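Down below is the structure, laid out as structure tokens.
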Amino acid sequence: MSDEPRSPTGEPVDEAGREAEILRGRRDSLERLRAAAVAPFAIRFEPDAHAADLLAEFEGALEPGEESDRRATLAGRVVLARRMGKLTFLVLRDAAADLQLFVEEGALDERSRALLDEIDLGDIVGAKGQVVRTKRGELSLKVRTLTMLTKALRPLPEKWHGLRDPDLQQRRRYLHLATDLEARRPATARAAMLRTIRSQLDDRGFLEVETPVLQAVAGGANARPFTTHHHALDMDMKLRISLELFLKRLMVGGLERVYEIGRIFRNEGIDRDHNPEFTMLELYQAYGDYHDIMELTRALVLASAHAVLGTTTVAFGGHDISLEGEWARVSLLASVADAVGEPVTLNHADLPGLAARHGVGVDPTWGPGKIVQELFDTLVEPTLIAPTFVCDFPREVSPLARPHRDDPALTEHFDLVIGGVELATAFSELTDPDDQRARFEAQLVAREAGDEEAHPLDEDFLRALEHGMPPVGGVGLGIDRLLKFLLGAATLRDVILFPHHRPEA
């Protein structure tokens, strides 16, 4: 019942041979189980309790050394084991908690007694017995029957230190989850958040839909797509970079409130706030504008915080950020002007020079709108810690947003920034097909000048708009970023179960 390998003389083997000895020992145990007609990989088992439920049920109950009348059947992975003469203590880990198994060899049936000698750390076992509290006060299951469910042929990481290397935690997430209960929190928190978002939207009359992942024209965002080939149709296709344009087609078709929570693929860099494959919520509401969407977005974030944390105060980046009260609303141009200490307009005489003076690099092909956005991204966004709606972006950087009702050089476009990170982007959507065509054609000019992320021209979408789309407000909310914020994680990789990595050498 130990993975500590020994040489024939009884001395520990050197590190080079340690893994091979452990693996050989596991295989030997496997063969002994088979020889004893014990199935090492069970077909089915029926636990009737979970560790967390028993811990809650008996919290404050049973004195040390006291036994209950409660019988329970548990299943889980053995993560700790120690033997004291005829007593064996195993720690069983199931979906949400650990519980000690208290095993007296004399109380086991013959088959379970033989099995006990073959149990290694990492094995998945079933245990039937009586709920007791040991003399040391630990709630335990006093085992009467043991069942081997899965023999682990590789050991878990070293029991005291677990899996500490962040890179290995991400590459071998299965081991991280198996050895650290806290590692499971992003998965359970994500599920709670998505349930809440769906409930909030369903209660408001939104319809959840699914739109194509493979697209002939990947639009709805300025990003470089992944390309693949559709053999049946003999045509190149792209993985979607946004949910937007097909959801808007549904608005043309008369579905007045729609949303989709789906995977997005952008062939771009990886950093703490970007991953090429990520999850996005997009929703569209007929007869609304970006003011309506601000209120809806705020409601979704607040509900998500309650679902994940039980509070609306979030610890993130060294700050305790309150989501209560009114959220600030600032214009993009005004926020940049405050940051540089002088008035900033799209007609500013020397925007490239202004950027250079503040250490912000710009491309000579960029227009004034793109330069102003770069100034915002570099100088302003990281400083916005409290929830802030940054409003009214230049037309140049918002090809799908309608012109601002008070200034046609701008658009009704907001970004939600919290903790210095953009969490959502929303528009009063552009419904004029001629204006939309002109915007797409301007993006084509940028693409021909070398901008690989410029928006493509989508004739089918333009045709749909020509049939008439009602006034619409819409938003895209990054699910991974919102979860990262709520959990106070350092990087998106910490909240994505299987982030991308280069293959190991």
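Throughout, read-outs are computed from the coordinates displayed, never taken from laboratory work. Just so it is clear, the structure is predicted and the values come from calculations on it, not from any experiment. FYI the Cβ positions are ideal-geometry reconstructions off the backbone, even for glycines, and counts take in every protein chain you see.
Quick notes
- By average C-beta atoms within 10 angstrom, highest first, the peptides 37-50, 250-263: 250-263, 37-50
- Amide H contacts under 5 Å for Glu429, placed H, 5+ residues apart: Arg402, Val472, Gly473, Gly474
- Rg(Cα)/(2.2 N^0.38 Å) for the range 15-156, N = residue count: 1.06
- Alpha-carbon centroid distance for the pair the range 403-454 / the range 138-154, whole angstrom: 59 Å
- Rounded to the nearest whole Hz, the Karplus-based 3J(HN,Hα) values (6.51 cos²θ - 1.76 cosθ + 1.60, θ = phi - 60°) of the range 395-401 follow the sequence 4, 4, 9, 9, x, 10, 9, with x at glycine and proline.
- Spin-label proximity, Ala449 to the range 341-380 - amide N less than 12 Å from point 7 Å beyond Cα toward beta carbon: 363-371
- Ranked list, fewest to most other Cβ atoms within 10 Å of each Cβ, for Glu295, Glu244: Glu295, Glu244
- Nonlocal amide H pairs with Phe316, under 5 Å, H built at 1.01 Å: Ile321
- For the range 248-366, pairs of C-alpha atoms spaced more than 24 angstrom apart make up 58 percent of the total.
- Taking packing as the residue-averaged number of other Cβ atoms within 10 angstrom, the listed peptides 324-333, 395-404, 74-83, 189-198 run from highest to lowest as 395-404, 74-83, 189-198, 324-333.
- Estimated [θ] at 222 nm from DSSP helical runs (n ≥ 4, -39500 (n - 2.57)) normalised by residues in the chain, nearest 500: -9000 deg cm²/dmol
- When you filter the chymotrypsin sites (Phe, Trp or Tyr not before Pro) in the range 87-174 for DSSP loop state and at most 12 other Cβ atoms inside 10 Å of their Cβ, you are left with Trp160.
- Rg then Dmax, both in Å and based on the Cα atoms of the chain: 29.2, 90.
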